[in-house]
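Visitor: Let me begin by handing over the structure; questions about it come next.
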């Protein structure tokens, strides 16, 4: 996922903007040979496109979307984006998706097996968007063909809290016929609500300590904008104080810093990007400027996943782990 690929996933400067902006917003039902169920549906996505007609059943989804839809009972037939680590274990981004029951079209940035996609006879593709009208992990050079093969839904997750993102997927899942009020969903939501109710205790424990989002690579470090990421926005909106970079890059997510300037934004606590391919705390001992950071010297470095799945269970797992670590500092 690094170095080029990770920068394309929320790291400013290497993102290909506007991959789908040249596509018309109409013509979704041109291929009348692809039929969904007898039930009808209607849904307006975050590009302003309205889909209606027969409710699609054969859904292909980017892993972030697949993980979110899975909790609400929607089972895609195919996925694309990071789903497996080199060890063979599931990537945290894929959430509770059963990888044995879905077809992967690609596991890394720029990899989308179009022939395999068509063979799945998709009736809908769902992806998230972090930049305007760009379907995440749909390669720009394939975007036109993907749009022609089946209707697409794009949900914009840039600059919103994880709770708002979950609600977006809940609405989509409901439109697709998912059981959004199942016992498992109610249980996961109750656990998340309980976490939210108890979160002020974490805020009180942290006090006036400042947090900083960091992604580390051999090439340098990136300081993150807490309002740009759904999980950190939740933390900030609920009372934690973040150090914000002065000049975030593309998409208002990160500011790139050289290792010589790693101390530009001193903080009491670092939330360190835990996605595969980033350098983790136990790999950073050889970087003197890292060792000099106040948070590192105090042992206040906490793993953080910028792409936490938009489900109640994943949210309470990720935020709960961060909360436990924060209360222990």
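Visitor: Relative to the first principal axis of the alpha-carbon coordinates of the chain, what is the inclination of helix 312-327, with its axis defined by its Cα atoms, in degrees from 0 to 90 and to the nearest 10?
Guide: 0
Visitor: Below 8 Å, C-alpha to C-alpha, sequence gap of six or more: please give me the relative contact order for region 20-185 in percent. It would help to have the intermediate numbers written out before the result.
Guide: Numbers: 294 pairs, mean separation 44.0, N = 166.
After rounding, I find 27 percent.
Visitor: Still on this structure, I have one more. Averaging sequence separations of C-alpha pairs under 8 Å and six or more residues apart, then dividing by the length of region 199-327, give the relative contact order as a whole percent. Kindly include the intermediate steps, with their values, before the conclusion.
Guide: Working: 218 pairs, mean separation 35.9, N = 129.
It comes to 28 percent, rounded to a whole number.
Visitor: Here is a follow-up. Using a 10 Å cut-off on Cβ atoms, rank the peptides 212-224, 258-270, 115-127, 186-198 from the highest mean neighbour count down. Could the numbers behind the result be given before it?
Guide: Working: 212-224: 22.3, 258-270: 17.3, 115-127: 18.8, 186-198: 14.6.
Output ranking for 212-224, 258-270, 115-127, 186-198: 212-224, 115-127, 258-270, 186-198.
Visitor: I'd like the projected area of the chain, averaged over all directions, using the convex hull of its alpha carbons. Report it in nm² with one decimal.
Guide: Details: hull surface 64.6 nm².
The number I arrive at for the chain is 16.1 nm².
Visitor: Please report the antiparallel percentage of the DSSP beta bridges confined to the chain, to the nearest 5.
Guide: Numbers: 14 of 37 bridges.
Taking every DSSP beta bridge within the chain, about 40 percent pair in antiparallel fashion.
Visitor: OK, next. Please work out the ratio of the alpha-carbon Rg of region 20-185 to 2.2 N^0.38 Å and round it to two decimals.
Guide: Dividing the Cα Rg of region 20-185 by 2.2 N^0.38 Å gives 0.96.
Visitor: Using Cα atoms only, what is the angle between the long axis of helix 162-175 and the major principal axis of the chain, expressed in degrees (0 to 90) to the nearest 10?
Guide: 10
Visitor: Before rounding to the nearest 500, sum -39500 (n - 2.57) across all DSSP H runs of length at least 4 in the chain and divide by the residue total; then give [θ] at 222 nm in deg cm²/dmol.
Guide: Calculated at 222 nm, the ellipticity per residue is -8500 deg cm²/dmol.
Visitor: Could you give the semi-axes, largest first, of the ellipsoid that matches region 199-327, computed as the square roots of 5 times the alpha carbon gyration tensor eigenvalues and rounded to whole Å? Present the calculation step by step, with values, prior to reporting the outcome.
Guide: Values: eigenvalues 95, 52, 42 Å².
In descending order, the three semi-axes are 22, 16, 14 Å.
Visitor: For an R0 of 45 angstrom, estimate the FRET efficiency from the Cβ-Cβ distance between residue 196 and residue 115 and round to the nearest 0.05. Don't skip to the answer; put the middle values down first.
Guide: Values: r = 45 Å, r/R0 = 0.99.
Step by step, r from the Cβ atoms, then E = 0.50.
Every number here is computed from the coordinates shown, using simple stated rules; none is lab data. What you see is a predicted model, and the numbers here were worked out from it, not measured in a lab. Every residue, glycine as well, gets a Cβ built from its backbone with ideal geometry; the counts of neighbours run over all protein chains shown.
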